[in-house]
Amino acid sequence: MGKEIVKKVCELLKDVRNQKPLVHNITNYVTVNDCANILLAMGVSPIMADDIKESADITKISDALVINIGTLNERTIESMIASGKKANELNIPVVFDPVGSGASEFRNSTTKRILEEVRIDVLRGNMSEIKFISGLESTTKGVDASESDMKSGNEEGINVAKNLANKLNCIVAITGVTDIVSDGKRTVMLANGTKMLANVTGTGCMTSALIGGACGATNDYFIGAIAGIVSMGIAGEISFEKSGEIGLGSFRVGIIDAISNMNSDVIINMVKVQEI
Amino acid sequence: MGKEIVKKVCELLKDVRNQKPLVHNITNYVTVNDCANILLAMGVSPIMADDIKESADITKISDALVINIGTLNERTIESMIASGKKANELNIPVVFDPVGSGASEFRNSTTKRILEEVRIDVLRGNMSEIKFISGLESTTKGVDASESDMKSGNEEGINVAKNLANKLNCIVAITGVTDIVSDGKRTVMLANGTKMLANVTGTGCMTSALIGGACGATNDYFIGAIAGIVSMGIAGEISFEKSGEIGLGSFRVGIIDAISNMNSDVIINMVKVQEI
Amino acid sequence: MGKEIVKKVCELLKDVRNQKPLVHNITNYVTVNDCANILLAMGVSPIMADDIKESADITKISDALVINIGTLNERTIESMIASGKKANELNIPVVFDPVGSGASEFRNSTTKRILEEVRIDVLRGNMSEIKFISGLESTTKGVDASESDMKSGNEEGINVAKNLANKLNCIVAITGVTDIVSDGKRTVMLANGTKMLANVTGTGCMTSALIGGACGATNDYFIGAIAGIVSMGIAGEISFEKSGEIGLGSFRVGIIDAISNMNSDVIINMVKVQEI
């Protein structure tokens, strides 16, 4: 089950290394370095540019755009919108990471505006963020999912992802203990990863970046989203095995190590994907 | 001596892991990733948000606020003030790290303004910064303490900390070879750490973040300040022992490793605290 | 050949550790932490400050200024100009890293403006950036050199560097598989490094920072540029030897380790310098 998907993921990740797509990130200043390094480790050429005077120009030469509102500020909202519209115009895939949606009115209204003005191809968030965007009751703990939302069963998560994917006409990815990816028709559950990933800042942002990297080398964004999430989950498991007991600093270094060594053999051996 | 304090520190650090407080950081873009990761390693949920349109909203849902002026800019000063006032209103502890005070008129006047408009609970800086704020003659070397100020004897440091604590009615922590923490009445000297900590960027910022994390789980900010400083000092010693000879990159990784493994046994074995 | 140069490089790097110059960086938020840490590892005291209200004040107390447009934004352009002019006034060396020149009109016009209004002492970029600034045909891939430009022969690179050095009356350094440094009269080729350096974000920025650190302790900026580039190249080789097979995360940590251990013996053993 899921064999066809795994094969496509493996091929896509090879294509990324061969094509070395250019991925434009408008993102936060907390985890931006990690996003750049994990994209390089994946074989992507990252570029960060957020001034309105160049953001659309940079998007124009890029193969994918990743928008992340982790440290949202007024200066860059217009850049996100301008880049998003340019990407839409040129059919460049747009990944949106609505970090902390639900935590402040500013993030909520900006998320709403981005979803209204930009056609998003992949929306990736934690359960609290995705429930909030779905208009469902959710509680958030800053930029982390709340414990009550994390206890949502997989069945609930599948419904939330599917419904929102249909509503927004895009791929919706909810990451957590189990990850759920849906395009509204096809839905998969991914079970790679380790709890320790939640104790390193930016593992969500990095997953969104990886999705952007993967989508930069394909038109099948459903597979692109799965490829990014599976890469991070497996990298987490490999690093946990090697460095989990040493501590969080070494574990974090090991994630980048594992992404830079990721290949089809590793994925085929370790991937845990289930089609619904 | 100091046994009661050590016991309280151990209990507090356990409480942090159990309560996982949310700590709002308005900080610089040089060391922000390190601050987020060290807070996660301590068991804290960090959030960074600095736009005036949301900063007070984020403070409102947080358990502590850390203000750091390491890369001060006009855009975020108002956010620092707004968040500080909101924290004061809701009795949320405020930690202030006046990075580079004394190095430019802009930092000096902003430090003055923050101290006037926000009630600070813990002020942590190096000897040059704290002397400058005290109105004493000091020389500064950018964001580092000057050599002449670092040679201030412990007796002078104790007086500086005590007097400023009484003047500002807050906890004052001077970190350096020996760390001094005073609430104006009680004063302790902490002797953990290694010189190598001065060769990694952000060890001061990270200490302030750890203090914020600790204060997010207690009302006893004197113990909170000690807990943060002791954690960093011991982590530095552990990492130095393990990686000091390998180099500064590995040493830096080891600091986060050690914070993530910090527990009562480690603290009781290694802590060097002296009540004055 | 190049023995005199190597001797001067070794002496300079010793002077840096003894003098601990203060180096002001106005740089991007992607790699700023790496720049701070590599400067500390070199023995430099880094300071980052980019607000117009203090940038010239900070430059004034510094021993070198590094301007990097990696995440260029309107807010800091004026700070770059003001700091650059202050540095010129006080004969403080200015290193300029025109990240991504050629990739957007905004970067192009800002690069032009900086070169017009500030006297640059060392200009360091990849082949695409330097060719673009020279007014030659170039293609760029975001912030990375394009493959076609990277295939420029050494002879072409030498001519480009020499001509631009004469035109701008400064040191021009082109870094790539082979690095070329020219002051218009003297030219050297440096052959240290490993391809893996291109897969870690900020190795270019860090090289510019190291050049700034070196120039902060000498008036011979030609040697300063060589010292910075040689340090990074050798650090890359040492880290590759030790951690290349482990992965990019460990390789990145090893670069800082190697810089912190850099000394004359290492340089004399490993340096590959050729005077033209």
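Details
- log10 of Debye I(q)/I(0), alpha-carbon scatterers only, for segment C:230-273 at 0.16, 0.20, 0.22 Å⁻¹: -0.36, -0.54, -0.64
- Residues in segment B:182-199 carry Karplus couplings, in order, of 9, 9, x, 10, 7, 9, 10, 10, 10, 10, 7, x, 8, 4, 4, 4, 6, 9 Hz; the curve used is 6.51 cos²θ - 1.76 cosθ + 1.60 with θ = phi - 60°, and Gly or Pro positions show x.
- Surrounding net charge for C:Ser101, when Lys and Arg each add one and Asp and Glu each subtract one, Cβ distance under 10 Å: +1
- With label points set 7 Å from Cα along Cα→Cβ, the inter-copy distances at C:Glu241 are 3.0, 3.0 nm, sorted shortest first.
- Remark: the protein assembly as shown carries a charge dipole of roughly 120 debye about the Cα centre, counting +1 on each Lys and Arg Cβ and -1 on each Asp and Glu Cβ.
- Peptides C:91-102, A:138-149, ordered by how many other C-beta atoms sit within 10 Å of their residues on average, highest first, read C:91-102, A:138-149.
- Counting only protein heavy atoms and a probe of 1.4 Å, the accessible surface of chain A is 49% carbon and sulfur.
- Per residue, the convex hull around the alpha carbon atoms of the protein assembly as shown comes to 134 Å³.
- Karplus-derived 3J(HN,Hα), 6.51/-1.76/1.60, for each residue of segment C:110-127, Hz, glycine and proline x: 5, 4, 4, 5, 4, 5, 7, 9, 10, 7, 8, 9, 9, 10, 10, x, 8, 4
- Taking max minus min of the alpha-carbon positions on each principal axis, segment C:198-276 gives extents of 40, 25, 25 Å, largest first.
- Debye log10 I(q)/I(0) at q = 0.10, 0.19, 0.24 Å⁻¹ for segment B:1-78, Cα point scatterers: -0.29, -0.83, -1.08
- A 1.4 Å probe run over the protein chains yields, for chain A, 35 Å² of accessible area per residue, whole-number rounding.
- In nanometres and ascending order, the distances from the C:Lys60 label point to those of the other copies are 4.2, 4.2 (point 7 Å from Cα along Cα→Cβ).
- For chain C, the relative contact order is 21 percent, taking Cα pairs closer than 8 Å that sit 6 or more residues apart in sequence and dividing their mean separation by the residue count.
- Charge dipole (Cα centre; +1 on Lys/Arg Cβ, -1 on Asp/Glu Cβ; no other charges) of chain C amounts to roughly 320 debye.
- For chain B, the antiparallel share of DSSP beta bridges with both residues in that region comes to about 40%.
- The mean of 1/r over all pairs of different alpha-carbon atoms in segment C:105-186, once inverted, gives a Kirkwood hydrodynamic radius of 12.6 Å.
- Summarising the amide proton neighbourhood of A:Thr187: residues at separation of 5 or more, or on other chains, whose placed amide H is nearer than 5 Å comprise A:Ile276.
- Model label points for C:Arg75 and B:Ser109, set 7 angstrom from Cα along the Cα-to-Cβ axis, are 1.8 nm apart.
- Interatomic Cα distance distribution for segment C:45-185, bins of 5 angstrom, percent: 2, 11, 21, 22, 19, 13, 8, 3, 0
- With Cα atoms as the point set, segment B:165-239 shows a radius of gyration and Dmax of 12.0, 37 Å.
- A simple rule links phi to the HN-Hα coupling: the Karplus curve 6.51 cos²θ - 1.76 cosθ + 1.60 with θ = phi - 60°, which for segment A:234-248 gives 5, 4, x, 5, 5, 5, 4, 4, 7, 10, x, 7, 6, x, 5 Hz, with x for Gly and Pro.
- Cα principal axis extents for segment C:73-122, largest first, Å: 32, 22, 14
- The other copies place their A:Thr139 label points at 5.6, 5.6 nm from this one, listed shortest first, where each point is 7 Å from Cα along Cα→Cβ.
- Protein heavy-atom accessible area occluded, C/B pair - total, 1.4 Å probe, Å²: 2400
- Identity and axial distance of the chain C residue whose Cβ lies nearest the axis relating C to A, Å: C:Tyr29, 3
- B:Met270/C:Asp265 FRET efficiency (R0 25 Å; Cβ-Cβ; nearest 0.05): 0.10
- Computed from the Cβ-Cβ distance with R0 of 56 Å, the FRET efficiency linking C:Lys7 to B:Lys7 stands at 0.45.
- Working note: Cα gyration tensor of chain C, eigenvalues times five, square-rooted, sorted largest first, giving semi-axes of 24, 22, 19 Å.
- Area projected by the alpha carbon convex hull of segment C:115-271, averaged over all directions, nm²: 9.3
- Over the protein assembly as shown: helical MRE at 222 nm, DSSP H runs n ≥ 4 each giving -39500 (n - 2.57), nearest 500: -16500 deg cm²/dmol
- In the protein assembly as shown, a dipole from Cβ-located charges (positive for Lys and Arg, negative for Asp and Glu) runs towards its positive end, and of C:Asn108, A:Asn261, A:Leu136 it is A:Asn261 whose Cα lies farthest in that direction.
The values are calculated or read from the model by the stated rules, or taken from the named source; none is laboratory data. Not measured: the values here are computed from a predicted model. No Cβ is skipped: glycine too gets one built from the backbone with ideal geometry, and neighbour counts run over all protein chains shown. We work out accessible area using only protein heavy atoms, side chains counted, and drop any ligands, DNA or RNA first. Shrake-Rupley method; radii C 1.70, N 1.55, O 1.52, S 1.80 Å.
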